[in-house]
1. Which of the strands (runs of 3 or more DSSP E) contained wholly in region 65-179 include at least 2 residues that are aromatic (Phe, Trp, Tyr)?
2. Identify all residues within region 112-125 that are exposed (fewer than 15 other Cβ atoms within 10 Å of the Cβ) and out of contact with any Ser or Thr (no Cβ under 7 Å at 6 or more places or on another chain); write none if there are none.
3. Taking LEU142 and the conditions (1) under 30 Å from ASP73 (Cβ atoms); (2) surrounded by 11 or more Cβ atoms within 10 Å (Cβ to Cβ), which numbered condition does it fall short on, given that it satisfies the others?
4. Could you check region 1-52 and list, in sequence order, the residues that are modelled with pLDDT under 70, assigned to a loop (DSSP other than H, G, I, E, B) and either over 28 Å from PRO64 (Cα atoms) or not aliphatic (A, V, I, L, M) (or both)?
5. Has region 98-107 got at least one residue that is under 30 Å from ARG141 (Cα atoms), surrounded by 11 or more Cβ atoms within 10 Å (Cβ to Cβ), touching a Ser or Thr at 6+ places or on another chain (Cβ under 8 Å) and at pLDDT 90 or above?
Amino acid sequence: AEVPVFFGLNKQDIGFAYQKAYKDLWAAVAEEKKSGVEPTWLDFSALDGKGVRVLIDQLRETMPEGPPLFPEDILTDYPRKLNMADVIREKLFNRLHQELPHAVAVWVESIDEGEKKWKVEASVFVERHSQKGIVIGEKGRLIKTVREEAERELFEMYDIRISLKLTVKVEKNWRKNFWILKKLGYA
């Protein structure tokens with residue numbers, strides 16, 4: 001039986017000029033391979049969500065359901081510390097916009113899992129002292145907003161109150177240090 005092929009094109013929100021290049025590339029590859037497979041093109045935008053529902057629906061309709069990969073009570077195999085760091089980093093990214101999102105890293109130092117509340121301590125790494133001020137924000141407003149947003153999302157995720165303590169640290173050239181990258185889960 002012929003296997004269906006989907007070609008998902010993200011960034012629908014920036015226009016369609018880039019999509020022609022992808023479609024031309026696919027046509028060239030298909031011609032070279034003589035596959036004759038015509039993909040279903042799915043345009044979407046992860047930024048504003050347009051087309052994402054269509055993508056999900058198409059995949060659900062087409063893909064066969066397989067056996068569960070995890071027991072039902074396990075949400076993910078992704079380590080909790082990395083998951084929490086991702087949530088914090090996402091909130092920073094959303095707040096910092098184009099200022100310095102790629103110069104910021106997050107490491108969850110500890111999680112104290114109490115019965116009614118978890119206390120989480122995390123470090124936010126930047127490369128320069130000037131970046132530290134940007135992350136903290138005027139009178140600490142930006143980092144406070146990030147903390148509050150992350151606490152809300154983590155509460156939704158884990159169904160327990162989260163008390164998050166964020167510390168901004170300067171770690172010069174952290175992006176070039178293998179051991180720091182390894183600790184952060186990047187290497």
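The values are calculated or read from the model by the stated rules, or taken from the named source; none is laboratory data. In this text the structure is predicted, and so the values were computed from the model without any measurement. Ideal geometry is used to build each Cβ from the backbone, glycine not excepted, and the neighbour counts take in all protein chains shown.
1. 117-126
2. ASP112, GLU113, GLY114, GLU115, LYS116
3. It is condition (1) that LEU142 fails.
4. GLY15, PHE16, LYS34, SER35, GLY36
5. yes
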